[in-house]
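The numbers here are math on the coordinates, done by the rules we state, and not lab data. This one's a predicted model, so the numbers in the text were calculated from it and none came from an experiment. Counting neighbours? That spans all protein chains shown, and the Cβs are built from the backbone with ideal geometry, glycine included.
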Amino acid sequence: MASFPPRVNEKEIVRSRTIGELLAPAAPFDKKCGRENWTVAFAPDGSYFAWSQGHRTVKLVPWSQCLKNFLLHGTKNITNSSSLRLSRQNSDGGQKNKPREHIIDCGDIVWSLAFGSSVPEKQSRCVNIEWHRFRFGQDQLLLATGLNNGRIKIWDVYTGKLLLNLVDHTEVVRDLTFAPDGSLILVSASRDKTLRVWDLKDDGNMMKVLRGHQNWVYSCAFSPDSSMLCSVGASKAVFLWNMDKYTMIRKLEGHHHDVVACDFSPDGALLATASYDTRVYIWDPHNGDILMEFGHLFPPPTPIFAGGANDRWVRSVSFSHDGLHVASLADDKMVRFWRIDEDYPVQVAPLSNGLCCAFSTDGSVLAAGTHDGSVYFWATPRQVPSLQHLCRMSIRRVMPTQEVQELPIPSKVLEFLSYRI
């Protein structure tokens with residue numbers, strides 16, 4: 001069994017440059033279980049980086065300062081175990097103090113976290129924000145944490161203050177995602193087989209329960225325009241939901257094992273899913289077609305083998321913000337960077353016991369979390385996108401597949417603008 005196609009020379013694949021490491025402190029008599037770093041996240045504005053450090057704690061660090069420390073002191077950095085709070089003056093008058101790193105004690109094992117902001121990541125279906133319980137400013141930055149006991153806690157990132165405690169799930173909250181439109185709509189995915197939609201601007205009111213999964217829900221992700229949600233879970237499940245009507249659009253079929261991660265491309269035209277069947281699929285979410293398969297084991301395993309235990313389980317997948325690259329993390333101790341038009345990785349990096357990964361806001365760095373609560377960072381591939389890629393992304397940001405196919409333009413131009421198998 002090999003990690004790359006036979007035609008690919010592993011020695012010729014570029015090794016990614018290490019940017020830095022944030023190593024979790026080892027405490028005396030530290031338990032081996034409970035230290036897992038199940039999730040890493042960057043704030044939408046790039047101001048903060050957060051990760052679950054293990055044993056119910058979340059660490060937040062100013063991202064720009066973190067990069068400077070790597071440049072000044074080398075790649076390794078042992079995180080400070082003391083809790084430093086970020087202070088901010090009252091929004092009635094006064095300027096925000098300089099951000100500082102700090103730790104939040106969430107009270108239980110943290111499985112998921114997500115940043116939310118009232119400022120939309122891009123122009124979309126943005127709504128007016130009105131807080132009922134809290135005075136909400138335009139500079140507000142929230143952190144949602146999903147816990148082992150089924151609770152979701154909402155924190156003010158600048159002050160460390162607990163704002164809301166959402167109690168409705170009956171099992172582990174495995175993933176969280178905010179709508180990118182600034183509406184402060186939060187969706188949670190849980191082992192209780194449900195997705196729940198929360199309106200944080202309405203004191204955390206639970207708006208809807210999305211049912212359809214027959215087993216654990218592992219992950220969920222919004223499309224860039226917030227109109228569509230993808231949820232993935234055990235038993236090969238990949239579901240797409242209409243977030244205007246809260247109805248299921250379709251179920252995507254093709255994986256042979258549990259599907260554990262998903263992410264949309266920046267233009268919303270593509271969807272990446274990662275599975276324990278050793279594969280990452282790139283889908284057209286608008287029609288359900290599989291456009292590309294990224295294999296992590298060669299020759300590809302048969303459905304029977306892919307559906308069982310193997311050492312190539314893909315743990316995480318993330319789309320870069322250039323829309324051209326995808327990162328995947330697997331149990332074969334390797335991080336892979338792919339181009340969406342190539343079926344082999346363009347860069348690789350070594351990583352043992354990896355669990356999750358995410359690109360920085362500007363797409364220049366990939367962060368990956370591990371079983372021992374540490375985080376590792378690599379420089380991502382930097383390539384000049386083709387004119388075709390730029391044109392495709394521009395038009396697909398505003399038009400789904402069906403509308404592009406109905407454009408009254410020559411077939412050659414239509415082919416140029418389409419993501420094709």
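Below, the figures for the structure above:
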read-out: Descending Cα extents along the principal axes, the chain, whole Å; value: 59, 49, 42
read-out: 5 Å-binned pair-distance histogram of the stretch 290-421 (Cα, whole percent); value: 2, 9, 17, 18, 16, 13, 11, 8, 4, 1, 0, 0
read-out: Residues whose placed amide H lies under 5 Å from that of residue 256, excluding near-sequence neighbours; value: 277
read-out: Modelled label reach - residue 414, point 7 Å along Cα→Cβ, the stretch 368-401 residues with backbone N closer than 20 Å; value: 388-389, 391-401
read-out: Entries in 153/236; 236/333; 161/236 that, when Cα-Cα distance is taken, lie over 31 Å; value: 161/236
read-out: For the stretch 237-359, radius of gyration divided by Kirkwood radius, i.e. Rg to Rh on alpha-carbons; value: 0.96
read-out: HN-Hα J in Hz across the stretch 190-200 - Karplus 6.51, -1.76, 1.60, θ = phi - 60°, x for Gly and Pro; value: 9, 6, 7, 6, 10, 10, 10, 9, 10, 9, 6
read-out: Cα-based reach from residue 193 at 18 Å (exclusive), listing aspartates and glutamates while leaving out same-chain residues under 8 positions away; value: 168, 171, 175, 258
read-out: Value of Rg/Rh across the stretch 331-378 [Cα atoms, Kirkwood radius]; value: 0.98
read-out: Principal axis dimensions, the stretch 160-220 - Cα atoms, whole angstrom, descending; value: 33, 23, 18
read-out: Residue 380 long-range amide H proximity, modeled H, under 5 Å; value: 365, 366
read-out: Under 5 Å, built H, 5+ apart or other chain: amide partners of residue 140; value: 118
